[in-house]
Amino acid sequence: MSILLVDSYDSFTYNLRHLVENATGAHVLTIHNDSYDLSREKESLDKLVGSVDAIVIGPGPGNPESARDVGIIPYLFESFPKTPILGICLGFQCLCLVHGCTLGYLKHPVHGQVSKITPVDKHSLFNGFDSAFDSVRYHSIYISKVTDDIIPLAYSEDQCLMAARHAQNPHFGVQYHPESVCSEMGGKIVSNFWALVEKRETVPIKDSHLLQTEPLIKHFKATSEYDYKYEKLPKVDILSACEQFSDLLLLNSAVSPGEWSIIGLPEPGKSLVVGNSREAGLSVGTWKGETKAHSDSMWSYICNHMSQRYYEPTIDDPELAKCPFVGGFIGFLSYEESVPLTVNKITVGPTPSTRLCFVDRFIVSNDMHTFVVSIRPGDHDWIQQAKDRLQSYQEISFLFSLKAKVEKPDKKSYEKSFNDCQKYLHTGDSYELCLTRQTKIHVAKSIAPWEIYKCMVKNNPSPYSCYLDFGDARLLSTSPERFLSWDNVLSQMRPIKGTVKKDSEMTYARACELLKIPKEIGENLMIVDLIRHDLYQMLQTVEVTKLMSVEEYHTVYQLVSVIEGQLQNSNYSGIDLLRHSLPPGSMTGAPKKRSVEILCDLEDRIPRGLYSGVCGYWSVNNHADWSVVIRSLFNYEDDLCSTETTRCFRCGAGGAITVLSTCEGEWDELNLKLDSVLKIFN
C-alpha cells in the first residue's frame with residue numbers, strides 16, 4: 001500500500017508525511033509540485049499515480065490560481081477522478097478552484113492561530129466526530145463561494161469553509177493544518193480518509209522525481225590515533241584563561257542553560273582549517289598557514305574527515321566525563337552558506353561563509369573546575385605548560401571606554417519593508433517573515449576585537465557566547481539561542497520567538513502576560529512546526545518537550561520551545577540535521593524557501609553574513625552544539641567599509657513579522673535587540 005504526497009515547497013510537509021504514515025501504515029512517496037514537466041513527462045507522472053492507492057496534496061505558499069505556485073496539482077484533480085485525493089490548505093483550495101468555486105482574501109489572515117472546527121457532515125472525513133475540535137490555521141485565502149460540485153463538511157467559528165468533498169469523485173480537502181503540533185484529531189481525519197480508499201496490490205516503482213535524503217555519513221570508523229590526557233585545576237575565570245594564549249577559539253557558556261565553556265587552542269601551521277565561500281568554493285589549510293583550493297564540497301570534506309576519526313575516550317574523572325566535547329571542529333557557518341542567493345558584495349575578495357578549525361588541544365571549564373586536555377599522543381609536556389600558564393594568570397581588566405561611529409538602520413526604509421511584508425503575508429506567499437536590518441559599527445583598529453568581546457560578555461552574559469577569530473573573519477557573539485545539539489542518541493533544537501525587555505518593573509509574571517498572547521504564540525508555533533518538519537525529513541520520532549515557555553535572560557525575557565528528535569537506530573546522524581535545517585527557521589520565517597527569497601529582496605540584497613548563521617562545535621565522539629548567531633558583532637578583514645584606521649563590524653537585528661505585528665512594535669523590538677549589543681559603545 002502506498003500514498004503519493006505532493007509537496008508545494010512548504011515548511012510543514014514532512015509533518016504531514018509523518019502524520020499520514022502513522023495514520024495509514026502506508027508507504028509514502030513524496031514529489032514536488034513542479035517535479036514533472038507535463039509537456040514532456042505526463043506519461044511518467046501517470047505511471048507513478050497508477051502505482052499508488054491514494055494522493056495527499058500538501059500545503060504551500062502562494063495562490064491556487066498561479067500556475068507557478070501549484071504546478072501539477074490541478075492536473076491531478078482533473079485527470080484522476082477515481083483516485084482518492086486529500087488536499088490540505090493549498091491542496092484544498094485547488095480542489096475547490098478546479099470545480100468552479102470562488103476564492104477570496106481574508107480581511108484578517110489567520111497564521112499560526114488555533115480555531116474551533118465544527119463538522120456539519122459527520123460522514124466520510126468526520127465519521128466518529130462527536131463535537132467541534134481545535135486545529136491550527138495558516139491561510140489568507142479562503143473559499144468565498146462553492147458550486148454544486150463541492151459539498152461543505154466543516155466550518156470555523158468565523159464561518160469560513162474548513163473542509164469539503166467533491167459530490168461524485170473521492171476527492172476531499174481541509175483548509176486547516178491537521179499536522180500542526182497544536183491541532184487535534186489530525187490522525188483521525190487521515191485514517192478516515194484512508195478508510196474510504198479501496199486498497200489494492202501495488203508495486204512501488206522507481207522514479208527519479210521522488211524526493212529522497214541521502215545520509216552524509218554511512219558509518220563512523222573508530223580511530224586509534226588519539227590519546228585523551230588531561231590535568232584538573234580549580235575553576236579558572238574563562239576570560240583570564242583565554243588571555244594566557246595568543247591562538248584561541250572560545251565557546252563561552254557564560255550562564256545557564258550552558259554548562260561547559262570550551263577554549264580551542266589551534267597550533268599555527270599544524271591545526272586543520274576548512275574554509276568555504278560562495279565565490280571561491282572550498283579551501284583547506286592550516287591555522288595561520290597556507291591554504292589551497294579543494295575540489296570537494298564543504299559538507300563532503302568535513303564528513304569524510306570526521307567519519308574516519310570517531311573517538312570516544314574512556315575518561316576516569318566523572319565530572320570531566322560529562323563534557324560532550326573531546327576534540328573536533330570549532331567554527332561558524334554563515335546564513336548564505338546554505339541558500340543560493342544573489343547578494344551584493346561587501347568584501348574585497350571572496351566572502352567567508354564557513355570557517356572550521358579542527359582542535360586536538362583545548363581547555364574545558366564548568367562551574368567547579370577547569371581541565372587542560374589534549375588528544376595528541378605523547379602531549380604531556382604541552383599539557384603541563386598550559387596548566388602552568390593557567391595557574392599564573394592575572395586578574396582580568398576591561399576597557400573603560402569603547403569609542404565607535406555607529407550607522408543604525410533607517411526607520412523609513414524599515415517601514416517600507418514592513419509594509420511589503422504585510423502584502424506578502426496577506427497574499428499567502430508567507431505566514432511569517434523574519435525581517436532584519438544591519439548596523440555598521442566603525443571601531444579604531446587600535447582596539448583589539450578581544451577587548452570588544454570582553455565588554456560584550458560582561459554586559460550581556462549568555463549561554464552561547466563565542467569569540468571566533470579566523471583572521472579573515474571574526475565573530476563576537478552573546479547569543480541566548482541554541483540552534484541544534486546532538487549526540488548519538490538524541491538531537492535538540494531550542495527556537496526563541498517572542499521578546500520583552502527586562503527592567504526593574506518587568507516581573508516574570510508580567511513577562512508571561514505579555515508573551516502569552518496570540519501574536520507571540522503564533523510566531524513561536526510557526527517555527528516549532530517548521531522545525532518539526534526539518535527533523536521529520538530524516539527522523540521517525542520527533543517530540544516537542546517544551547512548548548512556548550518563558551525564560552529569563554540577562555537583558556530580556558523570551559518565549560522558548562524545545563523540540564527533540566531520536567537519532568538512535570536512525571540511518572541519519574546529527575550532521576544531516578544540521579545541513580538540512582539551515583538557515584535557522586527562527587531567522588527566516590515560514591515557509592522557509594519562499595520566505596528567504598522574499599527577505600533577500602526586502603533587505604536590499606545585503607548579505608546577512610555571519611548574522612543568522614550558526615556557530616559551535618562538532619566533536620570526534622559525534623556530539624555537537626550549535627547556536628544561532630544573534631546579539632553578535634562580526635567583521636571581515638577586507639570589509640569594503642573598513643579603512644586604514646578603522647575596522648567595520650556589522651550587527652544584525654530584527655524580528656518575525658506576522659499579520660498581527662505593528663510596525664512600531666517591531667521597530668522597537670529590533671532596537672531592543674540591537675541595543676543589547678551597542679550599549680558597550682560610546
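In the stretch 513-530, is there at least one residue being more than 20 Å from the chain's Cα centre (by Cα), closer than 30 Å to Val348 by Cα and aliphatic (A, V, I, L, M)? No, the stretch 513-530 contains no residue that is more than 20 Å from the chain's Cα centre (by Cα), closer than 30 Å to Val348 by Cα and aliphatic (A, V, I, L, M). For the condition in contact with a helix residue (DSSP H, G or I) (Cβ under 8 Å, 6 or more places away or on another chain), over 30 Å from Phe133 (Cβ atoms) and outside the structural domain of Leu16 (by TED's automatic domain parsing), Leu211 does not qualify. For the stretch 442-456, a residue qualifies if it is surrounded by fewer than 23 Cβ atoms within 10 Å (Cβ to Cβ) and of a type in the set (Val, Ile, Thr), and exactly one does: Ile447.
Between Ser401, Ser413, the distinction of being of a type in the set (Gly, Ala, Ser), out of contact with any Phe, Trp or Tyr (no Cβ under 7 Å at 6 or more places or on another chain) and under 30 Å from Lys592 (Cα atoms) belongs to Ser413 only. Considering only residues in the stretch 577-632 that are β-branched (Val, Ile, Thr) and under 17 Å from Gly331 (Cα atoms), the one that is surrounded by the fewest Cβ atoms within 10 Å (Cβ to Cβ) turns out to be Val620. When restricted to residues that are of a type in the set (S, T, N, Q), buried (at least 18 other Cβ atoms within 10 Å of the Cβ), in contact with a helix residue (DSSP H, G or I) (Cβ under 7 Å, 6 or more places away or on another chain) and touching a residue at least 60 places away in the same chain (Cβ under 8 Å), the stretch 1-45 contains 6. Of all the numbered requirements in (1) crowded, with 17+ Cβ neighbours inside 10 Å; (2) not assigned by TED's automatic domain parsing to the domain that holds Val28, Ala164 misses one, and that requirement is (2). Taken together, the residues in the stretch 167-192 that are surrounded by fewer than 24 Cβ atoms within 10 Å (Cβ to Cβ), farther than 26 Å from Gly104 by Cβ and touching a helix residue (DSSP H, G or I) at 6+ places or on another chain (Cβ under 7 Å) amount to 4. If you check Val443, Val500 for being without any contact (Cβ under 8 Å) to a residue 60 or more places away in the chain and assigned to a strand (DSSP E or B), only one passes: Val500. The single residue among Asp534, Asp529 that is in contact with a Ser or Thr (Cβ under 7 Å, 6 or more places away or on another chain), surrounded by 23 or more Cβ atoms within 10 Å (Cβ to Cβ) and closer than 30 Å to Asn621 by Cβ turns out to be Asp534. Within the stretch 132-170, take every residue that is β-branched (Val, Ile, Thr) and in contact with a Phe, Trp or Tyr (Cβ under 7 Å, 6 or more places away or on another chain) and give me the one that is nearest to Lys423 (Cα to Cα). Among those residues, the one meeting the criterion is Ile141.
Looking only at the stretch 522-558, how many residues end up being modelled with pLDDT under 90, of a type outside the set (Phe, Trp, Tyr), more than 21 Å from Lys592 (Cα to Cα) and not in a strand (DSSP E or B)? Qualifying residue count for the region: 2. The residue that is nearest to the chain's Cα centre (by Cα), counting only those in the stretch 350-386 that are farther than 18 Å from Asp316 by Cα and among the β-branched types (Val, Ile, Thr), is Thr354.
The values are calculated or read from the model by the stated rules, or taken from the named source; none is laboratory data. Since we're looking at a predicted model, the values are computed, not measured. Glycine also receives a Cβ, built like all others from the backbone with ideal geometry; neighbour counts cover every protein chain displayed.
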